[in-house]
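Student: I'd like to ask some things about the structure below.
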Amino acid sequence: MSLNEFKTNFSGGTRANRFEITGTIPGGGAFTKFHVRSTQIPQLSSTTIEYSHFGRKYYYPGEKQYSTWSFSILDDTGQGKNLWSMFHTWQNLINEHNTNRSSILSTTQSYKADNWTVKHLNINDQGEPLKQFRMHGCWPTSIDPLALNMSSNNLLNTFNVIIVYDYIELFAGGDDDRLTPLT
C-alpha cells in the first residue's frame with residue numbers, strides 16, 4: 001500500500017488525550033466534568049470453566065470479571081471542588097475511621113455511585129463522542145497520597161483513585177437519550 005492510498009483510506013484515527021469523565025461523589029454533592037490527567041478503560045475478561053470428558057478437555061465461558069478502574073486527577077480546589085477531600089469524605093461514609101461504622105447504613109443513601117461516564121471525544125470536541133463507557137455501582141477502594149514537594153515548583157499536583165464497580169456499559173457515541181449499547 002502506498003502512502004497516498006493509506007492517507008485516502010485512513011479517517012484520522014482517535015486520540016488518547018480526548019476524553020472527559022463525569023460522575024457524582026456521595027456525600028460530596030453532584031458535579032459534572034472534572035480534570036482527569038489519565039485513565040484507561042478497565043479490562044473485561046471471562047473466566048473459563050474446564051470440563052474433562054473421555055481424555056479430552058472442553059472449555060466453556062464462565063463469569064465476567066471486571067478489573068478495577070483507576071484515574072489520575074489534577075488536584076483542583078476551585079469552585080468547591082476539593083476532590084481529594086471529597087473522595088476521603090466518600091471513604092468515611094463507607095467506613096468512618098474513628099467509629100469503624102458506616103454512616104450511610106443509617107440513611108437511604110448508598111455508598112455506591114451510579115453512572116460514572118467516560119466519553120471518548122472527537123477531535124476538538126466536535127460532534128458526538130466516539131464512544132462512551134458507563135460504570136455502575138462505583139466506590140473507591142484506594143485514594144493515593146497527595147505528594148507535597150518543595151522541588152516540584154513547576155508541576156500541578158495529581159493523585160490517583162482506584163474504583164471498583166458492579167458492571168460497565170459500552171455505548172457508541174451520542175447523547176444520553178440516544179445511546180445505543182455496543183454489541
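Student: Quick one: P145 ticks every box in (1) assigned to a loop (DSSP other than H, G, I, E, B); (2) modelled with pLDDT under 80 bar one, so which box is it?
Tutor: Here P145 clears every test but (2).
Student: Something else now. When you scan segment 51-64, do you find a residue that is at pLDDT 85 or above and among the polar types (S, T, N, Q), even just one?
Tutor: Checked segment 51-64: at least one residue is at pLDDT 85 or above and among the polar types (S, T, N, Q).
Student: Could you check segment 65-90 and list, in sequence order, the residues that are assigned to a strand (DSSP E or B) and either under 23 Å from H136 (Cβ atoms) or modelled with pLDDT of 85 or more (or both)?
Tutor: Q65, Y66, W69, S70, F71, S72, I73
Student: Here's another thing I want to ask about it. Hey, could you check segment 100-138 for residues that are part of a strand (DSSP E or B) and basic (K, R) and say which is modelled with the highest pLDDT?
Tutor: My answer is R134.
Student: Further, regarding this structure: So if I check each of K33, K7, which one is at pLDDT below 85, outside any strand (DSSP E or B) and either of a type outside the set (F, W, Y) or loosely packed, with under 10 Cβ neighbours inside 10 Å (or both)?
Tutor: K7
Student: Here's a follow-up. Quick one: H97 ticks every box in (1) modelled with pLDDT under 80; (2) within 17 Å of S142 (Cβ to Cβ); (3) touching a helix residue (DSSP H, G or I) at 6+ places or on another chain (Cβ under 8 Å) except a single one, so which number is it?
Tutor: H97 satisfies every listed condition except (3).
Student: Another question about this same structure. Can you confirm whether segment 157-165 contains a residue that is exposed (fewer than 14 other Cβ atoms within 10 Å of the Cβ) and outside any strand (DSSP E or B)?
Tutor: no
Student: Can you tell me which of (1) under 19 Å from T89 (Cβ atoms); (2) of a type outside the set (F, W, Y); (3) at pLDDT below 80 is the one V161 doesn't meet?
Tutor: Only one criterion is unmet by V161, namely (3).
The values are calculated or read from the model by the stated rules, or taken from the named source; none is laboratory data. A quick note: this is a predicted structure, and the numbers were derived from the prediction, not measured. Here Cβ is always computed from backbone atoms with ideal geometry, including for glycine, and neighbour counts include all displayed protein chains.
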